Amino acid sequence: MSELIVALDVPSRERALELVDRLGGEADFYKVGLELFTREGPSVVTALQDRGKRIFLDLKLMDIPNTVAATVAAASDLGVELLTVHAQGGARMIEAAVAQAGTGTRLLAVTVLTSLSPDEIETVWDRPVGSVRSEVLRLARLARSLGIHGVVASPLEAGELRTALGPEALVVTPGIRPSGTEHHDQNRVATPEAAVEAGASHLVVGRAITRAPDPAEAARRVRAAMRAALEGRG
Ligand code: C5P
């Protein structure tokens, strides 16, 4: 069963709660990212939880193992169910993060930021990178072998990642655009149906829902598309 995560890319707690109230029960999770968390702190998470909402905290952690482990423990204490860490933080960092995730917190690895061009990656890593796709797969496999629960990836890579990581892994895909809607600044997009068909377990949708004239109706449409694709997937 694939689940819908709505990205709360807004600068304040008021704006976040207003959106959540408009959406009612249409989202399975809400994603709180760096901007909202930095502005409002953990209280925005507890305010959402007080409304019965489940939280994906997208902090993309990368630091020394001790610091990341302590932060994962703090997020776990906060009752966050999904949390991101960078796969490039190294094996000891990932192992330390996994060890500190309580039973209710699942960790997702970010492999290669989709904003990076192949040229930028080669500059940062100082080596030729034949295919970004194979680097994504390599890092995802590495993180999975160290106990990570899943990955965040483009829907265009979801199928390969599902095959590589197995049926239990979470494959969380942003870059979702229902057919006929605007792409905004996203290049590598797919419809909800295509993401589910490729094996995504969770779809992250931001503007296609949050900027729709009727967000609840937009979310219902996305969910209907996800359900239809799941039935097709069997
Ligand atoms: O508005 P939109 O649906 O494009 O928002 C997608 C959300 O997913 C945003 O919060 C964005 O930061 C996040 N995201 C993404 N692409 C990635 C990783 C995360 O769009 N590769």
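Overview of values
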{"read-out": "Residues that are open to solvent by less than 10 Å² (accessible area, probe 1.4 Å) and either outside any helix (DSSP H, G or I) or in contact (Cβ under 8 Å) with a residue 60 or more places away in the chain (or both), drawn from the range 69-100", "value": "Val80, Leu82, Leu83, Thr84, Val85, Ala87"}
{"read-out": "Ser2 being touching an Asp or Glu at 6+ places or on another chain (Cβ under 8 Å) and of a type in the set (Ser, Thr, Tyr)", "value": "no"}
{"read-out": "Test: residue in the range 225-234 that is farther than 29 Å from Met62 by Cβ and outside any helix (DSSP H, G or I)", "value": "yes"}
{"read-out": "Search result, residues across the range 1-19 that are away from the ligand (no atom under 15 Å from the Cβ) and in contact with a strand residue (DSSP E or B) (Cβ under 8 Å, 6 or more places away or on another chain)", "value": "Ser2"}
{"read-out": "Helices (runs of 4 or more DSSP H) (entirely within the range 109-220) containing at least 3 residues that are within 16 Å of the ligand (Cβ to nearest atom) and either over 22 Å from Ile5 (Cα atoms) or open to solvent by less than 60 Å² (accessible area, probe 1.4 Å) (or both)", "value": "118-125, 132-145, 192-198, 207-210"}
{"read-out": "The range 59-82, residues that are charged (D, E, K, R), under 16 Å from Arg106 (Cβ atoms) and more than 16 Å from the chain's Cα centre (by Cα)", "value": "Asp77"}
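The values are calculated or read from the model by the stated rules, or taken from the named source; none is laboratory data. Predicted model, so just to flag it, every value in this text is computed and none were measured. Note that each Cβ is placed from the backbone with ideal geometry, even for glycine, and that neighbours are counted across all protein chains shown. For the accessible areas, the whole protein counts, side chains as well, though only heavy atoms, and no ligand, DNA or RNA atoms are used. Shrake-Rupley method; radii C 1.70, N 1.55, O 1.52, S 1.80 Å.
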